[in-house]
Amino acid sequence: MSPATSIQQFLDADARPVPPVLRYSINEDLGTEPLDVERFISREWHDREVEKVWRRVWQMVCRADEIPEAGDHITYDIAADKLISMRTDSGAIKALYNVCLHRGRALRTEDGRVSELRCPFHGFSWNIDGTS
């Protein structure tokens, strides 16, 4: 297929039937006017995008196979939120805030494997599922 192949053309070429919901048509003319540069550099636009977009959509933090064992974790920052994606003892994956409840210090500064979450400042600790 050519570099200009549309999504609909890819769907047409699929050997399996494509669900109708994936077939869409946009007839609205969005114009060709340049976008205001403020959309790319202003704090107000950034804050609005965080609130209206990033806080409302799922985030891809890692693949499950990147944290295969209990205690394996990946740290992830999105806007002002600091998170840890952690494999628990039960095999579940949990997203936890990467902050100590006492002073807000980061519990983990890098990816790795731990048997508990421990605040490096006071030594407070939690289980890897976030419970105390």
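Full extension of the segment from residue 99 to residue 8, taken as 0.36 nm per residue of separation minus the current Cα-Cα distance, would add 28.3 nm. Counting only Cβ charges, +1 for Lys and Arg and -1 for Asp and Glu, the dipole size of region 2-72 around its Cα centre is about 220 debye.
Label-to-label distance for residue 50 and residue 127 is 3.3 nm, based on points extended 7 Å past Cα in the beta-carbon direction.
For residue 83, the amide hydrogen comes within under 5 Å of the amide hydrogens of 76, 77, 78, 98, counting only partners 5 or more places away or on other chains and with H modelled in the peptide plane.
Evaluated at q = 0.16, 0.22 Å⁻¹, a Debye calculation over the C-alpha positions of the chain (equal weights, vacuum) places log10 I(q)/I(0) at -0.93, -1.22. Compute the long axis of helix 43-52 from its Cα atoms, compare it with the longest principal axis of the Cα atoms of the chain, and write down the angle in degrees, 0 to 90, nearest 10. Helix 43-52 sits at roughly 90 degrees to that axis.
Qualifying trypsin sites (Lys or Arg not before Pro) in region 14-56, where qualification requires a DSSP coil assignment and no more than 12 other C-beta atoms within 10 Å, comprise 23.
Shape class of region 24-94 from the Cα gyration tensor (axes a ≥ b ≥ c, square roots of the eigenvalues): prolate, since a/c reaches 1.5 or more and a/b is larger than b/c. Tell me the relative contact order for region 36-132 as a rounded percent, counting alpha carbon contacts under 8 Å between residues six or more apart. Relative CO of region 36-132 lands at 19 percent.
Cys residues of the chain that find no other Cys beta carbon under 4.7 Å: 62. 3J(HN,Hα) along region 118-130: 10, 5, x, 8, 9, x, 4, 9, 9, 5, 6, 9, x Hz, from the Karplus curve 6.51 cos²θ - 1.76 cosθ + 1.60 with θ = phi - 60°, whole Hz, x for Gly and Pro.
Computed 3J(HN,Hα) for region 9-17, one whole-Hz value per residue from the Karplus formula 6.51 cos²θ - 1.76 cosθ + 1.60 where θ = phi - 60°, is 5, 4, 5, 4, 7, 5, 6, 9, x, glycine and proline marked x. Please identify every one of the trypsin sites (Lys or Arg not before Pro) in region 77-132 that sits in a loop by DSSP and has no more than 11 other beta carbons within 10 Å of its own beta carbon. Those that pass, being in a loop and sparsely packed, are 103.
3J(HN,Hα) along region 78-94, derived from phi through the Karplus expression 6.51 cos²θ - 1.76 cosθ + 1.60 where θ = phi - 60°, amounts to 9, 6, 8, 8, 10, 10, 10, 9, 10, 7, 8, 4, 7, x, 6, 10, 10 Hz, with x in place of Gly and Pro. Label-to-label distance, residue 114 versus residue 78, with points set 7 angstrom from Cα along the beta-carbon direction: 2.1 nm. Taking amide H positions as modeled 1.01 Å from N, with prolines and chain starts lacking one, the residues under 5 Å from residue 111 and 5 or more places away or on another chain are 75.
Values in this text are rule-based calculations from the coordinates and carry no lab data. Model, not experiment: these values are computed from the prediction. In this analysis, Cβ positions are derived from the backbone assuming ideal geometry, glycine residues included, and neighbour counts consider all displayed protein chains.
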